[in-house]
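Here's the structure, in structure tokens; my notes come after.
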Amino acid sequence: MSNFFKPVFDLEDYFDKKVHIRFLEGREVSGVLKGYDSNSNCVLDQAIEYLTDANGNLLQPPQIMFLGLMFCKGSSITSIFPEEGSTIIENK
Amino acid sequence: MALLLPYELVDKCVDSRIWVKLRNQKEVVGELKHFDRNLHMILEDVTCYEPLNEGKLKITKLDQILLNGNKISVIVPGGTGPENAKIQTEKEYLEQEKMKKEKQMKEEKEKIEEEVNSTLQKTNENENINH
């Protein structure tokens, strides 16, 4: 019962870190996490978006659109992970 | 380091242009008049962008709309919109970031050198006075 009111995870660990956010329809965005709330809505600073084509697939080679300060709606977010410690590996 | 609460950011945007990206590939740029907890928004002087296949963009202009907050993905304050946004390849972007970091490192080094030099000078002066 006492676990009911605790959040499943805490975005405090990612505060002020460069973070990569994936959304439900294939959008990907990365930026410095400057704010969050319990619904997982996020505020990112110096944010960039990795562009997709009309069907939602990421463009190859990756194109980047510079957005700046932005708000991400928590209900559309699929995953949030920090950029440090993550690398791109080739498909095999 | 103070948290910037998400709804505070949207509150600051009232009466200014914002760029809203929806869950599908649609985007809406307009002047934010009101919003609520569910992020339903009243926008004025709106342009809607819908990318069609083959890279075309369908643009519609509307006077005043109520935008449903359920399908919103991203809100960007400032109404640049997808037409005027700055687009680069990832390579160029990464190079830019490198340059910025190198600049920062240089500046920090210079600061430290200056401090060291000034403290050295002070100690020299003190020694001279004592002699």
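The values are calculated or read from the model by the stated rules, or taken from the named source; none is laboratory data. Here the structure is a predicted model, which means the values were calculated and not measured. Every residue, glycine among them, receives a Cβ derived from its backbone with ideal geometry; neighbour counts consider all protein chains shown. Heavy atoms of the whole protein, side chains included, go into the accessibility calculation; ligands, DNA and RNA do not. Shrake-Rupley method; radii C 1.70, N 1.55, O 1.52, S 1.80 Å.
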Exposure of A:Phe23 as accessible area (Å², to 10), given a probe of 1.4 Å and all protein chains: 10
Relative packing of peptides B:88-95, B:36-43, B:74-81, B:107-114 - highest average C-beta neighbours within 10 Å first: B:74-81, B:36-43, B:88-95, B:107-114
Total accessible surface hidden between A and B, rounded to 100 Å², 1.4 Å probe: 3100
Kirkwood Rh and Cα Rg combined as Rg over Rh, evaluated for the protein assembly as shown: 1.13
Longest to shortest principal axis, alpha-carbon extents of region A:3-82, angstrom: 44, 23, 17
Charge tally in the Cβ shell below 13 Å around A:Phe15, where Lys, Arg are +1 and Asp, Glu are -1, A:Phe15 excluded: -3
Assigned charges on the beta-carbon of Lys, Arg, Asp, Glu; region B:1-54 dipole about Cα centre (debye): 200
Share of carbon and sulfur in the accessible heavy-atom surface of region B:91-131 [1.4 Å probe, %]: 51
Options A:Gln63, B:Leu39, B:Leu120, ranked by Cα towards positive dipole end of the protein assembly as shown, top entry (Cβ charges): B:Leu39
C-alpha long axis of helix B:90-130 to longest principal axis of chain B, angle in °: 30
About the Cα centre, charge dipole magnitude for the protein assembly as shown (Lys/Arg +1, Asp/Glu -1 at Cβ), debye: 780
Surrounding net charge for A:Gly26, when Lys and Arg each add one and Asp and Glu each subtract one, Cβ distance under 15 Å: +1
5 angstrom amide H check on A:Asn41, placed H, neighbours 5+ away: A:Gly74
Under the Debye formula (equal points on every Cα, no solvent term), log10 I(q)/I(0) of chain B at q = 0.09, 0.18, 0.22 Å⁻¹: -0.49, -1.02, -1.22
Dimensionless Rg/Rh of region B:91-131 - Kirkwood Rh, Rg from C-alpha atoms: 1.44
For region B:91-131: lysine pairs under 27 Å (alpha-carbon distance), excluding those fewer than 8 apart on one chain: 15
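Over chain B, give the accessible area per residue in Å² for a 1.4 Å probe, as an integer.
73
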